[in-house]
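These notes are about the structure you will find just below.
The values are calculated or read from the model by the stated rules, or taken from the named source; none is laboratory data. Because the structure is predicted, anything quoted here is derived from the model rather than measured. Cβ sites come from the backbone with ideal geometry, for glycine too, and all protein chains shown count toward neighbours.
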Amino acid sequence: MGYRFELTRSKWLKALLKSRVFQPALMLVTLFFFVVAILAGFFGTPAGSHNFGIIFVWIVWWALLIIVLVPFFGRMWCTICPIPGPGEWLQRRGIIQRTPGRPRSLRWRWPRRLRNIWLQNFGFLAVAIFSTVILTRPGVTAWLLLGMMLLGVTLSIFYENRVFCRYVCPVGGFIGLYSLTSSTELRVKDVQVCREHTTKDCVIGTEHSYGCPWMVFPGNLERNTYCGLCTECLKACPKDNVALNLRPFGTDLLVAKGRSLDEAYKALIMLACALLYSGVLLGPWGWVKDWANMATLPQWAAYAAGFLAINLLVVPGLFWLTTAVARRVGQIQLPVKRLFIDYAYSLVPMGLIGWIAFSFSFVFVNGSYAVSVLSDPFGWGWDLLGTRSVPWTPLLPGLVAALQVALLLVGLVFSSIIAYRIARQHTRTDVQAWHSTLPVSAFLAGVTLVFMRLYLG
Amino acid sequence: MKRDRLLSLAPFVGLALVILLIPLPLTVKPVTHVVTMTADQFAFDPPVLRVNYGDRVRLTLQATDVVHGFYLDGYGIETRVEPGISQQIEFVADQIGKYRFRCSVSCGTLHPFMIGELVVNPNLTFARAVGLTAVILAGTLFYLRRFPPREPREHTTA
Ligand code: SF4
Ligand code: SF4
Ligand SMILES: [Cu+2]
C-alpha cells in the first residue's frame, strides 16, 4: 500500500545495521552523555540554564527527539537509547558479541492486564504533573534519569526482554504512538517468505543475533508502534527478508488492526499536555507557574488535579461527544466507543505537530545555552571548548510565530485527511464518510485555534 | 486530471493570499502608555501589556527581590534590573502582533519561564492566522468531498 523506498538496498547502510558493533556503539555514546547529565544534576550548579543535565536533556535531546527523530525516523531513538542498556547487557552477559544461550532473567510472566500502554499513559502523567519542577531542577532531572535506568535494570532481572521499554517507559509510550506517522518503517519484504520460514530465526535468535527483544514478530508487523528498531531481526533473517523503508507520512494511522483504547488515550493525553504546557510554561500567568512549581503543597495538588482532570476527563469527554456526533451524521452503526478509539488516531499528527510547535517556542529562544553548557557542563567555570561565555542569544524571535502557524496548519490538514480516511473505513458511501469527518475536523480546528491563541493571540 | 484537481483549489489559494496580504489601515490615534512594571520571581506584573500600533510605551521596571532582566522578542530591547534601582525603557509599538518579554538574567529555578506578553493591536497576525485556518480547512474539506481517495474501502464494520 502506497509508495515505498527500501533504504536497506544501500549496501553500506545494510552492513552498518547488520554489524553487531553499530548499535551498542551508539548506545555507549548516548550512555556517556546520560551519565554526564546525571552527574551534572547531582554535583553541578543548581541553576538549570547552566547545567548540562537540564539543557542537554530538556532542550537538545528533546528537540532532536520530537522535531527530527520521531517524525522522520520513528522509534530510532530507541535504537540508541541508553536507558535499557545496562539491563539488557546484564541479561545478555555481554555488550557487543552474541553470547551463547538464551539471555538470562528470572523469566517471570508479565501480567496480562499490563500488556498494553496504560502504565505508560499513567507514568507519563505522573511525570507531567511534576514537570515544572523536573524541567528546572538539575537534581530532580538526575533522579528521574537514574530512576528510569534502575527500573529498567530491575525489570530486566525479573522479566525477559525489554519489558521496561515495551510496557513501562513513559517516553516509549508516546514515541511508539507518534511513530505511526513517521516516514520510516521496518518491515518484511515478503510476508509469504516469513510464513513459510518455520524456524522463525527473528523470534528465536541465531548464533549471531538475539530473538526480538521487543516481543514482536517482524513477519506480521503492520505498524511501527512496538518495534524498537533494535536491528536484531535484520541480523537474524537468513532469507534477507527484513527491510528498512521510506514511506508516506501517516501510513500506519490507517491500519485498523491493533487500534485500542490505551493508544487512543495516549493520543488524547499527548494532545492535552501539549496544550497545557503551552499555556502553563509559556503563558504570562505567574500564579499558574507558582502552583505548578509547588509554591505550596495544596496549590500544587489543585494544579495536579486540574491537570489530570483535563487530560483524563475534559479533553477525552469533548472528543467523545465529537465522535458521538460524527457517528450520527455519518450514519455509522458501530458503538461510539469503537469510533472514539478509531478517530483518536486522527489526532496523532495534530498532537505531534503541536509538540513540535511548542518546542519551537523554547528551542530557538534557549538553544544558545547549549553552546555555553558544552564548555562548562557542571557550571563550575570550566571552559573546555572556549564557548563558556557565549551569551544567551534568542534565535529568530520574530519568526517563530509564523513557523508555528505554518506547522499547525499542516497538522490540521494532515489530521483532517486522516480522519476522513478513517471514516471511509466505517461508512458505505463517501458522502457519509465526509459528513462524519466534519465534527472531527471541527474539533481539530478548535485545537488549532487554542494553540494559535496561546502562541500569537 | 491532476491539473483539474489543483485548479479546483485555486479559489481557496486566492482567498488565502488575500487574507495574508491585504493591507489594513492602522488608523488608531497613538497615545503614550506610562506603565510601572515589577519583576519578581517568576513573573512580571502586569503580565500582559495591550497597546495599539504606533503607541509609545514608557516602562518603569522594578525588581522586587533579586536581579532580573527584560528582553522583548522582536524588538530587540534588553535591560538588566537590579532591586531598588528602577530602569526606564521607552519604545514605539511599531510591530503588530504578540511579542513575549522574558527575564534575561538567570534569576532562579523558573527563570526560563518568566514570561510576559506585549500585544500590539490590531493583532492582524492572529486574525490572519485564524482566517487562514478557516480557508485551509474549508479547502481541505472541499477537496476531500470532490475527489475522494481511490484507495479501496477496507471495512472494519460488519
Ligand atoms: S522505550 Fe524508553 S527506555 Fe526503551 S529504548 Fe525507547 S525511550 Fe529508551
Ligand atoms: S522487529 Fe526487529 S528491529 Fe523491531 S524490535 Fe524486533 S528484532 Fe528489533
Ligand atoms: Cu527573572
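On inspection, A:Leu396 does not qualify as closer than 28 Å to A:Ser179 by Cα, outside the structural domain of A:Ser183 (by TED's automatic domain parsing) and surrounded by fewer than 22 Cβ atoms within 10 Å (Cβ to Cβ).
A:Trp108 meets each of the listed conditions (1) more than 14 Å from chain B (Cβ to nearest Cβ); (2) of a type in the set (A, V, I, L, M, F, W, C); (3) surrounded by 14 or more Cβ atoms within 10 Å (Cβ to Cβ) apart from (3).
Would you call B:Ser104 facing chain A (nearest Cβ under 10 Å) and more than 30 Å from B:Ile22 (Cα to Cα)? Yes. Contact map, the range A:438-457: first residue within 14 Å of A:Phe414 (Cα to Cα), second residue outside any helix (DSSP H, G or I), Cβ cut-off under 7 Å, separation 6 or more or different chains; pairs are A:Val440/A:Ser346. One residue stands out in the range A:286-320 among those that are within 13 Å of chain B (Cβ to nearest Cβ) and part of a helix (DSSP H, G or I): the one that is surrounded by the most Cβ atoms within 10 Å (Cβ to Cβ), namely A:Ala292. Taking the criterion of being more than 22 Å from A:Gly446 (Cβ to Cβ), among the polar types (S, T, N, Q) and assigned to a helix (DSSP H, G or I), the residues of the range A:330-383 that qualify are A:Asn366, A:Ser368, A:Ser372, A:Ser375. In this structure, is A:Thr323 surrounded by 22 or more Cβ atoms within 10 Å (Cβ to Cβ), more than 14 Å from chain B (Cβ to nearest Cβ) and of a type in the set (Ser, Thr, Tyr)? Here the answer is yes, as A:Thr323 does meet what is asked. Among the candidates A:Leu31, A:Leu64, the residue that is under 14 Å from the mean Cα position of the chain (by Cα), within 16 Å of ligand 1 (Cβ to nearest atom) and away from every other protein chain (no Cβ under 14 Å) is uniquely A:Leu64. Against the conditions (1) at the interface with chain B (Cβ under 10 Å from one of its Cβ atoms); (2) touching a residue at least 12 places away in the same chain (Cβ under 8 Å); (3) within 29 Å of B:Arg146 (Cα to Cα); (4) among the hydrophobic types (A, V, I, L, M, F, W, C), A:Leu396 satisfies every one except (3). Listed here are the strands (runs of 3 or more DSSP E) enclosed by the range B:31-109 that have at least 2 residues being within 16 Å of ligand 3 (Cβ to nearest atom): B:32-40, B:43-45, B:56-63, B:68-72, B:77-81, B:87-92, B:97-102. Screening the range A:49-90 for residues that are more than 21 Å from A:Tyr226 (Cβ to Cβ), modelled with pLDDT of 95 or more and of a type in the set (Gly, Ala, Ser) and picking the one that is surrounded by the fewest Cβ atoms within 10 Å (Cβ to Cβ) gives A:Ala63. Restricting A:Val371, A:Val410 to residues that are under 27 Å from the mean Cα position of the chain (by Cα), more than 11 Å from every other protein chain (Cβ to nearest Cβ) and surrounded by fewer than 22 Cβ atoms within 10 Å (Cβ to Cβ) narrows the list to A:Val371.
For (1) facing another protein chain (nearest Cβ under 9 Å); (2) within 20 Å of A:Gly354 (Cα to Cα); (3) in contact with a helix residue (DSSP H, G or I) (Cβ under 9 Å, 6 or more places away or on another chain); (4) of a type in the set (A, V, I, L, M, F, W, C), each residue gets a yes or a no:
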residue	(1), (2), (3), (4)
A:Arg421	yes, no, yes, no
A:Gln425	yes, no, yes, no
A:Arg428	yes, no, no, no
A:Ser436	no, no, yes, no
A:Ala445	yes, yes, yes, yes
A:Arg453	yes, yes, yes, no
A:Leu456	yes, yes, yes, yes
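Out of A:Asp290, A:Asp262, one residue alone is among the charged types (D, E, K, R) and within 16 Å of ligand 3 (Cβ to nearest atom). It is A:Asp290.
The helices (runs of 4 or more DSSP H) falling completely within the range A:149-240 that include 2 or more residues that are more than 14 Å from ligand 2 (Cβ to nearest atom) and surrounded by 21 or more Cβ atoms within 10 Å (Cβ to Cβ) map to A:170-178. Only residues that are closer than 22 Å to B:Pro122 by Cβ and among the hydroxyl-bearing types (Ser, Thr, Tyr) were counted across the range B:54-93, and they come to 1.
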